[in-house]
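Okay, structure first, notes after.
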Amino acid sequence: MTNKVVVGSQWGDEGKAKITDILAHDADLIIRYQGGCNAGHTVVADNKTYKFHLIPSGILYKGKTCFLGAGTVILPEAFQKEVGELIEQGIDVSGLKISPLASITMPYHTEVDGYSENTAGKGKIGTTKKGIGPTYTDKAARIGLKIGDLYNEETLNEKLDIILPLKNKQLEKVYGLQPYTKECILALCENYAKIFKPYVCFEWQELLENSSRKQILFEGAQGVMLDVDYGTYPFVTSSNPIGGGAATGSGYGPTMIDEVIGVAKAYVTRVGEGPFVTELTDETGKKIQEIGHEFGVTTGRARRCGWFDAVIMKYSVLVGGLTSIALTKADVFDTFDEIKVCTAYKDKRDGKIYKHYPTDVFMHKYLEPVYETHQGWKTDISGIREYEKLPENCRKYLERLEELLGVPVSIVSVGPDREQTIFR
């Protein structure tokens, strides 16, 4: 029995859902431990494409338990819509369970998120406007609502008597938004209770205890470089996607984790604002974007594309606790003559070389990548299923990444389908 965490090791959108889906085949319990419907996970199975935002990718297998842990934040309307779409596609959701400790994204959270993003100017973060950040803000301020509150009338009333005066003052005075009456919020909560009732697991401790001797898969959203503590702050998400986040957001302690698999593209993409040293704004970047179909699942926004950045990846190995790498979209480079890898940064002001990631992101505008160039393989690898059968230049590229990062590349994805995967 090996319990694994699947972590995005760049800025999200690395293909975590496919890797989670494959590994979920052998898992008994799949836990999403942080984030909300701001994630966009795509799985291709049996010639069908499934898009997830909040529901764990392992839901496609019958007989699995998929659990939304206490570290997640849940927008009720988005949850209802996603579950409804899965049911319409013939997916059995009877194994889906929600921790009563998960936080609820309320309408005022999405309103504040939208207002803040639309009026931020230079301070724009590039959020999905799903209310994720404001929900985590209220959670940290201890004025948030949790799923379990919906099923205790006394608790809910007491909490709202504390929360609403504070929240309404903020909505009116800070944001110029309309306040909410208690009656309005109670009516919303009554509806939310109906939405969540089939899935809330008040016996979550028993569930985790009974699963502790089984195989567990922890699923993260976003990526290490979007971690609220270790990412490109403030251009980050509001939770901890790193491997350590699985221990706080799932209900299990760190002793339950055996492996942390960092998912990375053979290049790098980013959605939203923030520094990106290897970003390509030329025809090469456009070529990667078009071949890789780099458009956000949640927002539809075009993703910024760039060469593989070993500086941020070494950082991800360190702070993310990565024990191996699952490299995706290697096939995007099938037609490239040359492929570059960033091995260091150079400060354009004084020529200083950085081999470790500089965490002051506001000085990144002065940095330029130091590249090494690799020869392309000029061969379609999408049908290859054995590592030894990959073209020599492809293997050289992968093995050079292993040297730079200090951890093995254990999985290579050569296409979107489950079958287009090489295990080492």
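The values are calculated or read from the model by the stated rules, or taken from the named source; none is laboratory data. Nothing here was measured: the structure is a model prediction, and the numbers come from that model. When we count neighbours, we look across all protein chains shown, and the Cβ atoms used for this are built from the backbone with ideal geometry, even at glycine. Ligands, DNA and RNA are excluded from the accessible area calculation, which covers all protein heavy atoms including side chains. Shrake-Rupley method; radii C 1.70, N 1.55, O 1.52, S 1.80 Å.
Given a 1.4 angstrom probe, what's the average accessible area per residue across the range 14-74, in square angstrom?
Accessible area per residue, the range 14-74: 26 Å².
What order do you get for 136-144, 330-338 when each peptide is scored by the mean count of other beta carbon atoms within 10 Å, highest first?
Ranking the peptides 136-144, 330-338 by packing returns 330-338, 136-144.
Please name which of GLY243, ILE381, TYR233 has its Cα lying farthest along the dipole of the chain towards the positive end, using unit charges on Cβ (Lys, Arg +1; Asp, Glu -1) and the Cα centre as origin.
Ranked along the dipole, the leading option is TYR233.
Counting only protein heavy atoms and a 1.4 Å probe, tell me what percentage of the chain's accessible area is made up of carbon and sulfur. Mind showing how you got there, number by number?
Values: 8930 of 18170 Å².
Exposed carbon and sulfur together represent 49 percent of the surface.
May I ask which residue of VAL332, VAL311, PHE423 lies farthest towards the positive end of the charge dipole of the chain, with charges of +1 (Lys, Arg) and -1 (Asp, Glu) on Cβ and the Cα centre as origin?
Farthest along the dipole direction, towards plus: VAL311.
Each residue of the range 290-296 in turn: what ³J(HN,Hα) in whole Hz from Karplus with 6.51, -1.76, 1.60 and θ = phi - 60°, glycine and Pro shown as x?
Running phi through 6.51 cos²θ - 1.76 cosθ + 1.60 with θ = phi - 60° gives 6, 5, x, 6, 8, 9, x Hz.
Report the FRET efficiency, 1/(1 + (r/R0)^6), for THR155 and ASP92, where r is their Cβ-Cβ distance and R0 is 22 Å, rounded to 0.05.
With a Förster radius of 22 Å, E is 0.10.
Might you report the magnitude of the Cβ-based charge dipole of the range 190-289 about its Cα centre, with Lys and Arg at +1 and Asp and Glu at -1, to the nearest 20 debye?
Details: 8 positive and 13 negative charges, 56 e Å.
Roughly 260 debye, rounded to the nearest 20.
What accessible area per residue, rounded to a whole number of Å², is obtained for the range 297-340 using a probe radius of 1.4 Å?
Per-residue value: 30 Å².
What is the Cα centroid distance between the range 1-23 and the range 337-384, reported in whole angstrom?
Cα centroid to Cα centroid, the span is 24 Å.
Which of the peptides 351-362, 5-16 is most tightly packed, and how do the rest follow, going by the mean number of other Cβ atoms within 10 Å of each residue?
5-16, 351-362
Compare LEU145, LEU226, LEU68 in a GNM of the chain, Cα atoms joined below 10 Å, and give the one with the largest fluctuation.
LEU145
Which value, in debye to the nearest 20, gives the size of the charge dipole of the chain about its Cα centre, when Lys and Arg are +1 and Asp and Glu are -1 at the Cβ?
Numbers: 50 positive and 56 negative charges, 120 e Å.
Computed charge dipole of the chain: roughly 580 debye.
With +1 assigned to the C-beta of every Lys and Arg and -1 to the C-beta of every Asp and Glu, and no other charges, what is the dipole magnitude of the range 326-424 about the Cα centre in debye, to the nearest 20?
Dipole magnitude for the range 326-424 comes out near 340 debye.
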